[in-house]
Amino acid sequence: MYDKLREKGVTTTLMLFDDEGHGFRGADAVRRRSEASYVFLCKVLGIQPSISSDLQIVNVKI
C-alpha cells in the first residue's frame, strides 16, 4: 500500500516496528507512533512541530 500511495504522489510515510504485528502493543511502539502522527500532521499542515523527528515523509507539499 505504501508503495502505491508514494507512486501516486500521495503524502505518506511508513514505520516498521520489530516484534509488532498489525496494531501496536509495546509501549515504545505506541509512543513512537503517537509522536510520528503528530509530526506527520504538523508537516502536512505546514506547522513547525515542537519535537524533533527523523520521520521520512514522501510527497509532502507545503
- With respect to Arg31, is the statement that it is part of a helix (DSSP H, G or I) and either more than 14 Å from the chain's Cα centre (by Cα) or at pLDDT 90 or above (or both) true? yes
- Message: Just checking, does segment 17-26 include any residue being modelled with pLDDT of 90 or more and either in a helix (DSSP H, G or I) or surrounded by 12 or more Cβ atoms within 10 Å (Cβ to Cβ) (or both)?
- Response: no
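The values are calculated or read from the model by the stated rules, or taken from the named source; none is laboratory data. Bear in mind that the values here come from a model prediction, so they are computed numbers and not experimental data. Here the Cβ is made from the backbone with ideal geometry for all residues, glycine too, and neighbour counts use every protein chain on show.
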